[in-house]
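A.B. asks: Take a look at this one; I'll ask things after.
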Amino acid sequence: MPKKRYQVYVIELSKKVFTERKKFREANPQFNGVQQCLYVGMTSKTPKERLEQHKSGFRNAKGRKLSSNIVEKYGMYLRPSLYKHLEPMTKKEALKMEEQLALELRRKLHAVWFN
C-alpha cells in the first residue's frame, strides 16, 4: 500500500501575475479582479519548505528546475486556510486533489495556476 506522505498546498500570488502573464490570464477567464490569484501544488515536503524551494528557483542535482516560475516571481505566502483540512495522501491522490482544489477555487472566482 502506498504511503500517504503528500500534501496539497496553496500559495497566494501577487495580482501582477494576471496582468503580466498572458497564459495565466487565458487560463482564468472567470477572474474579476476581486478574489485572489493562487497557485495550487502538491509536495512530499512541508508546504513551507516547498514555498522556499519555489522562491529560490530550486534545481535538482541534475540541474533540472523543480520550481514554478510563476511562484518564484509572484508567490507571496501560503494560504493554509484553503488546504489545512486536507489529510496527507498518496502521490496519485495528491495529483488528483491538486486539480480538484484548483478547479474548486476557480469556481469561487479565484485566478488559479496548477500543473
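A.B. asks: Considering only Cα-Cα distances, which of the following residue pairs are longer than 24 Å: LYS16/LYS45; LYS45/LYS84; LYS15/LYS45; LYS4/LYS96; LYS4/LYS45; LYS48/LYS91?
C.D. replies: On the way: LYS16/LYS45 27 Å; LYS45/LYS84 14 Å; LYS15/LYS45 26 Å; LYS4/LYS96 14 Å; LYS4/LYS45 12 Å; LYS48/LYS91 18 Å.
Listed pairs above 24 Å: LYS16/LYS45; LYS15/LYS45.
A.B. asks: Most fluctuating residue of ALA27, ALA102, ALA94 in a GNM of the chain with Cα springs under 10 Å: which is it?
C.D. replies: Looking only at ALA27, ALA102, ALA94, the largest GNM fluctuation is found for ALA27.
A.B. asks: Per residue of the chain, what 222 nm ellipticity follows from adding -39500 (n - 2.57) for every DSSP H run with n ≥ 4, rounded to the nearest 500? Numbers along the way, then the final one.
C.D. replies: Numbers: 5 runs with 44 residues, N = 115.
Result for the chain, helices only: -10500 deg cm²/dmol.
A.B. asks: For the chain, set up a GNM with springs between Cα atoms under 10 Å and report which of LYS92, LYS73, LYS62 has the largest fluctuation.
C.D. replies: Highest fluctuation of the listed residues: LYS62.
A.B. asks: Roughly what would the spin-label model give for ARG5 and LEU66, points 7 Å off Cα along C-beta, in nm?
C.D. replies: 1.2
A.B. asks: Extending each Cα 7 Å along its Cβ direction at LEU109 and HIS85, get the distance between those two points in nm, one decimal.
C.D. replies: Rounded to a tenth, the inter-label distance reads 2.0 nm.
A.B. asks: I would also like to ask the following. With all pairs of different alpha carbon atoms counted, what Kirkwood hydrodynamic radius in Å does region 7-113 show?
C.D. replies: 14.1
A.B. asks: Using the beta-carbon distance between LYS48 and LYS23 and R0 = 35 Å, what value does 1/(1 + (r/R0)^6) give for FRET efficiency, to the nearest 0.05?
C.D. replies: 0.85
A.B. asks: Taking only Cα atoms and a 10 Å spring cutoff, compute GNM fluctuations for the chain and point out the largest among LEU38, LEU103, LEU66.
C.D. replies: Highest fluctuation among the options: LEU66.
Values quoted throughout were computed directly from the atomic coordinates according to the rules given, and no laboratory measurement underlies them. Here the structure is a predicted model, which is why all the values come from computation and not from measurement. Heads up, the Cβs are rebuilt from the backbone with ideal geometry, glycines too, and the neighbour counts pull from every protein chain shown.
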